[in-house]
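Notes for the one structure printed next.
The values are calculated or read from the model by the stated rules, or taken from the named source; none is laboratory data. Everything numeric here is computed off the predicted structure, so don't read it as measured data. Methodologically, a virtual Cβ is constructed for each residue, glycine included, from the backbone with ideal geometry; neighbour enumeration extends over all protein chains shown. Heads up: the accessible areas ignore ligands, DNA and RNA and are worked out on the full protein's heavy atoms, side chains in. Shrake-Rupley method; radii C 1.70, N 1.55, O 1.52, S 1.80 Å.
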Amino acid sequence: MAVFNRLPVLLILFYSFGLALGGRVSITNNGYRDIVVAISPDVPQDKAADLLANIQKIITEASADLYTATRQRSYINSVRILIPQSWVNIAANPNTWESFENAEVQIDLPNSKYGDSPYTVQLGGCGDPGQYIHLTPNYVMTHSSNAMISQVGPAGKAFVKEWAKLRYGVFDEHGYTGANSSYPTFYRPGSGQQPIEMVPNVCSDQPVDFSIDNGCSVDPQTGLYNSNCMYSFLNTFKPTSSIMSDNRMLSTAMHFCDDDPSSLHKHNREAPTKQNAFCNSHSVWSVISKHADFAGYNNPPATIANVKPTFNVVRVLTGARYVLVTDVSGSMDSYNRIGRLNEAARRWIKYDVRHGTSLGIVKFSSTASMLSPMTVVNDNTRQQLMDKIPTSTEGVTCIGCGLQIALDMLRPGGKGGVIVLVTDGMENQNPYIADMYPQLLDAQVQVVSLAFGRAAEKEIEVLATKTDGMSYFINDDGQNDELHDAFTGSLTYQPAVPIGELTVILFQQKYNKGNMFEDYVTVDFTVGRSLTFRLEYTQRNYITGFFVKSPSGQVYQNVIYDSSAKLAYILIPDLAEEGDWKFTLTVNSAYYKDYASVIVTSKSRVNTAAPITVDCSVPSGTVVYNSANAVRLVAVVKQGRNRVIGANVRAYVETPTAALDVVDLEDTGAGADTTKNDGIYSRFYVPVSLTGRYTLVCKVNSTGTTYIENGSTTRQRSAMGNFNRVQSGGAFRVEQPKTSPYPPSRVTDLKVAAMQVDQMSLTIEWTATGDELDIGTASAYQIKYSTTFDDLMDNNFDSNLAVQFQSHDVIDGSFTPLAFGNKQRVSLRLPTTAEDVTYYVALRAVNQRGLTSTISNVVSVKIAALTQPQTQPPTTPVPPPTSSSLNVGCSGVLTTPTGWLTSPNYPGAYPNNYNCQWTIQLTPGSKIRLTFSHFAIESPFDYVEVYDGSTISATRLLKQTGSTLPSAPVNSSSNAMLVRFVTDATGNYFRGWRATYTVA
Ligand SMILES: *[C@@H]1O[C@H](CO)[C@@H](O)[C@H](O)[C@H]1NC(C)=O
């Protein structure tokens, strides 16, 4: 049996985030062309025909809705639906360039966090395109059911909402429930808005007619409805904007909100939505109209009689088509590049390229020639293809010559195909890369560029970016195993495989100094089939030992050597035991260029469940033209469609001088990270101070609090144990290094945590930003307020219209900056006021060099003036409630071990003529400690008394009046305590008191 049958072919599924950005969708004469809707190979075929019909219905509806929403400036002209290879009963054309990973819309099994609701993966900020829209098969099938329409809205508009996020980089204009939400479901608008106190957090052209859902209560801390409170719209509410707002508005809403004051769809700048937080309070339409599709009179409004898209169903062909185009010019001799390339390419062909892929080989120097025509890779052809890889060099560098031959080889198979281009030199002969762009783009060919050494032609990364490809850099003396990463990374473009066939990299390490290496790798509960320890080496004779030990101590030392590919491996039979696997590698070489790489891979534990994967990338693409736009590093960690939250994600960036920078990627929703706890981990990469190529590798493991977001509650979650993953993120080339430091990144999650009306203060919270973007510690925060929203916007922030909080305004906490990612919390004093007033608050950070961040999102609090109290107590006595807290009524029994009570109507003025009595009655043997936190009553006529027992005949422990807090907690000697509050007949404007009790 041929040796390569035993080593599993590496099938790695990347969602190559660096690539999908430009997308391949074009817009011509107002029509979007070639939108790809791809169906995952995990979607069963049984309802295929219905699914396809429903996809067409949804997108046809969406095209008409998009035409209206974009004011007759765009519609969907053509769509290609990519079906899995296994769907054999459907009539379809063969696919050529379409792929699941690069599709704009992915039809796949649900992500538990979103269920059947459509969503869009957005890694970037305002105006940055998203990655893809995810629709579930169940959503597609049931989109027109009443239940789905009431949850998601009519499908066409729901699709336009997601399309706007994907294409134009805009965000939701509504709040979300939950205590951790930065975007509340309600807010208090300023006087310019509706006269009502609290309104749903949406953008709407009409005043919102709504009712509060049952079970809502006002949180006395914030004065807002509690974070799980929802609202329902009344039937009278028929808004026509915004399509980005609450899904329940979509039955009538069909327009985007607009900044233009004369617009019928006036934007609501004050609503604390994600759109306002990320787009600096600019409207969705203003962001869309600046998009390249529409800027500068592109695609002006046009009357289009037929906006119905055409659909073309294509099926995945058996294999992808690759042409390896390699440089054999004289310089490939230096550093033995030609030799290393030869070895890596041979390994790739023998072990990694999937069965059924078509592969051709081209070499170029001053001219180019075909070394092997397009050949289907199988057990019989692998060796013959390997033998075609060049081993010697000649002449000068004509990259265009090589590309031309590769294009000619791919053309008979239709559009599409991948060129893997390897070069180490500058092109110096016609035709040049730039001459090839029209042909390459027309043929929809993707180029994966491998730059060998620092002097490699700079245009190759541009080539990769323009063709939606990827870039790799092979440093002649680098620390990462870049050649392996580059070749396996190019396999991204193979068709998607079912989750059971996916292979993931658990561990990867290059060893080149020392003589004995021991390391371990964890086999977690999501992997274990085909566990393989792969060893790539430069010299067979210096590998003197390689063995593996299972968690229970079993030793595996059956190493299979393949000298022709300079590779050895140990394959663990059956299902590998969960736990830590240890390997020992012994080498015997003094030659500094020798190295050995250990790569540990595995498939999922069972073939019906996905392994945990990580996708690592620089979403802005492979060329950084100007470092003024900061580079963002991103890793997405997931199991199938479900995201992994709370993992430890580290990016290793190798700089042009081969130094290694280590950056912890965070999922805090701050700095480079868009959304907290969504399994997308991001960070800015700040030290881009050198021109040249940088390579990125991400490593992930778990912490004690890592979990998979699979719909289970916090309580149901159990510790998931450790796991390890490694993934290359390719290379990026910096053309213009940064010349001056960055300012701190913007705070987008400022929120009001509490307000204390009786002290005229508010407590705000945000995630600390950094000194440069999201790295380090800022040197100060400027926190300002005003009663007018616009006073905090743009240049007004610097004017006297906005008042800055000073250190003497701090009541609790501090606004001294903490290191990036920490929670900042401070309570600040507001000026007293006799009338109802809304205060707006925003902040910005200043760094050590005096650079300031952009102004944060704006939050508001409403301080209600005291109203005249009622003068009579309620006529019907209220039966004493039994609970842990009482802030209404005037008497009751509290029996829970801790609780709180307040004067009636607190923090509003309390009523006259009251004689209230509350009893705290705990289990026998316990004692009670009562602590007042606020105290303001009319002296001397109103007073509070506390008794050491359940009646007023017991010993009195306290009698208090006026505005001074009792100096110490009040302690009972037994398990009962009576609190009495007496008020007289005259009106007052005091806010009363609040106290908490615990078991002493
Ligand atoms: C996870 O990785 C970090 C480095 O990123 C390391 O310090 C830590 O020990 C690892 N945890 C486990 C459980 O292996």
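Identify the residue in region 240-259 that is out of contact with any His (no Cβ under 6 Å at 6 or more places or on another chain) and hydroxyl-bearing (S, T, Y) and, among all such residues, is least open to solvent (accessible area, probe 1.4 Å). Spell out how you get there, then give the answer.
Narrowing region 240-259 to residues out of contact with any His (no Cβ under 6 Å at 6 or more places or on another chain): 242-244, 247-254, 256.
Still in the running and hydroxyl-bearing (S, T, Y): 242, 251-252.
Details: S242: 0, S251: 86, T252: 39 Å².
Among those residues, the one meeting the criterion is S242.
Only residues that are open to solvent by 30 Å² or more (accessible area, probe 1.4 Å) and closer than 19 Å to S903 by Cβ: list them for region 961-973, please.
From region 961-973, those open to solvent by 30 Å² or more (accessible area, probe 1.4 Å) are 961, 963-965, 967-969, 971, 973; that's our starting set.
The answer is T961, S963, T964, L965, P969.
Determine whether D615 is within 13 Å of the chain's Cα centre (by Cα), away from the ligand (no atom under 16 Å from the Cβ) and of a type in the set (D, E, K, R). If you could, list the steps in order and put the result at the bottom.
Working: within 13 Å of the chain's Cα centre (by Cα): yes; away from the ligand (no atom under 16 Å from the Cβ): yes; of a type in the set (D, E, K, R): yes.
The answer is yes for D615.
Can you tell me which of K566, K582 is among the basic types (K, R) and surrounded by fewer than 18 Cβ atoms within 10 Å (Cβ to Cβ)? Give the steps one after another, and end with the answer.
On the way: K566 fails: surrounded by fewer than 18 Cβ atoms within 10 Å (Cβ to Cβ).
So the residue among K566, K582 that is among the basic types (K, R) and surrounded by fewer than 18 Cβ atoms within 10 Å (Cβ to Cβ) is K582.
Filter region 144-176 for residues that are open to solvent by less than 10 Å² (accessible area, probe 1.4 Å), touching a strand residue (DSSP E or B) at 6+ places or on another chain (Cβ under 9 Å) and outside any helix (DSSP H, G or I) and give the result.
E173
How many residues are outside any loop (DSSP other than H, G, I, E, B) and touching a residue at least 40 places away in the same chain (Cβ under 8 Å) when one looks only at region 927-971? Quick ask: steps written out before the conclusion?
Within region 927-971, the first condition is being outside any loop (DSSP other than H, G, I, E, B), and the residues that meet it are 928-936, 943-947, 956-960, 970-971.
Filter once more, keeping what is touching a residue at least 40 places away in the same chain (Cβ under 8 Å): 928-936, 944, 970-971.
Looking only at that region, the number is 12.
Go through region 282-305 and give me each residue that's within 20 Å of E173 (Cβ to Cβ), touching a residue at least 24 places away in the same chain (Cβ under 8 Å) and open to solvent by 10 Å² or more (accessible area, probe 1.4 Å). So that I can check it myself, show each step before the final result.
Just the residues of region 282-305 that are within 20 Å of E173 (Cβ to Cβ), to begin with: 282-291, 294.
Add one more test, that the residue is touching a residue at least 24 places away in the same chain (Cβ under 8 Å), and what stays is 282-288, 290-291, 294.
Result: H282, W285, S286, V287, K290, H291.
Can you tell me which residues in region 267-325 are of a type in the set (F, W, Y) and in a strand (DSSP E or B)? Spell out how you get there, then give the answer.
Within region 267-325, the subset of a type in the set (F, W, Y) is 278, 285, 294, 297, 311, 322.
Those that are of a type in the set (F, W, Y) and in a strand (DSSP E or B): F311, Y322.
Need the failing condition index for K113 against (1) surrounded by fewer than 22 Cβ atoms within 10 Å (Cβ to Cβ); (2) within 17 Å of the chain's Cα centre (by Cα); (3) within 26 Å of N268 (Cβ to Cβ), just the number.
The failed condition is (3).
Scan region 58-114 for residues that are of a type in the set (D, E, K, R), over 30 Å from Q639 (Cβ atoms) and either part of a loop (DSSP other than H, G, I, E, B) or modelled with pLDDT under 95 (or both) and jot them down. Full working, then the answer.
Taking region 58-114 first, the residues of a type in the set (D, E, K, R) are 61, 65, 71, 73, 80, 98, 101, 104, 108, 113.
Filter again for over 30 Å from Q639 (Cβ atoms), leaving 61, 65, 71, 73.
Residues satisfying the conditions are R71, R73.
Identify the single condition in (1) closer than 30 Å to L109 by Cβ; (2) away from the ligand (no atom under 16 Å from the Cβ); (3) out of contact with any Lys or Arg (no Cβ under 9 Å at 6 or more places or on another chain) that D678 does not satisfy, given that it satisfies every other one.
Answer for D678: the failing condition is (3).
Name the strands (runs of 3 or more DSSP E) wholly inside region 561-661 in which the number of residues that are modelled with pLDDT of 90 or more and of a type in the set (D, E) is 1 or more. Break it down stepwise before answering.
Working: elements: 567-571, 579-587, 596-604, 612-617, 631-639, 642-645, 648-654.
Correct list: 579-587, 612-617, 648-654.
If you scan region 663-675, which residues turn out to be away from the ligand (no atom under 16 Å from the Cβ) and in a strand (DSSP E or B)?
Taking region 663-675 first, the residues away from the ligand (no atom under 16 Å from the Cβ) are 668-675.
Scanning region 663-675 gives a single hit, T668.
Condition first: open to solvent by 30 Å² or more (accessible area, probe 1.4 Å) and in contact with an Asp or Glu (Cβ under 6 Å, 6 or more places away or on another chain). Now tell me which residues in region 371-422 satisfy that.
The answer is T393, and nothing else.
Quick check on region 159-178. Is at least one of its residues within 22 Å of the chain's Cα centre (by Cα) and at pLDDT below 90? Steps first, please.
Kept after step one, since they are within 22 Å of the chain's Cα centre (by Cα), are these residues of region 159-178: 159-178.
With the extra rule that they be at pLDDT below 90, the set shrinks to 177-178.
The answer is yes, given that some residue of region 159-178 is within 22 Å of the chain's Cα centre (by Cα) and at pLDDT below 90.
With respect to S814, determine if the residue is more than 23 Å from P272 (Cβ to Cβ), open to solvent by less than 60 Å² (accessible area, probe 1.4 Å) and of a type outside the set (D, E, K, R). First the steps, then the outcome.
On the way: more than 23 Å from P272 (Cβ to Cβ): yes; open to solvent by less than 60 Å² (accessible area, probe 1.4 Å): yes; of a type outside the set (D, E, K, R): yes.
Here the answer is yes, as S814 does meet what is asked.
What do you reckon, is L450 under 15 Å from A344 (Cα atoms) and outside any strand (DSSP E or B)? Give the steps one after another, and end with the answer.
On the way: under 15 Å from A344 (Cα atoms): yes; outside any strand (DSSP E or B): no.
When the stated conditions are applied, L450 does not pass them.
Test of understanding: among V653, V649, which residue is closer than 16 Å to R693 by Cβ, open to solvent by less than 20 Å² (accessible area, probe 1.4 Å) and within 16 Å of the ligand (Cβ to nearest atom)?
Numbers: V649 fails: closer than 16 Å to R693 by Cβ.
Step by step, each of V653, V649 is checked, and only V653 is closer than 16 Å to R693 by Cβ, open to solvent by less than 20 Å² (accessible area, probe 1.4 Å) and within 16 Å of the ligand (Cβ to nearest atom).
Give, as residue ranges, the strands (runs of 3 or more DSSP E) completely inside region 334-427 that count at least 1 residues that are touching a residue at least 60 places away in the same chain (Cβ under 8 Å). Let's see the steps before the verdict.
On the way: elements: 358-364, 368-376, 418-423.
Fully inside region 334-427 and qualifying: 418-423.
Would you confirm whether or not region 519-526 contains a residue that is open to solvent by 30 Å² or more (accessible area, probe 1.4 Å) and not in a strand (DSSP E or B)? Walk me through how you get there before you give the answer.
Residues of region 519-526 that are open to solvent by 30 Å² or more (accessible area, probe 1.4 Å), as a first pass: 519-520, 525.
Those still in the list that are not in a strand (DSSP E or B) too: 525.
The answer is yes, given that some residue of region 519-526 is open to solvent by 30 Å² or more (accessible area, probe 1.4 Å) and not in a strand (DSSP E or B).
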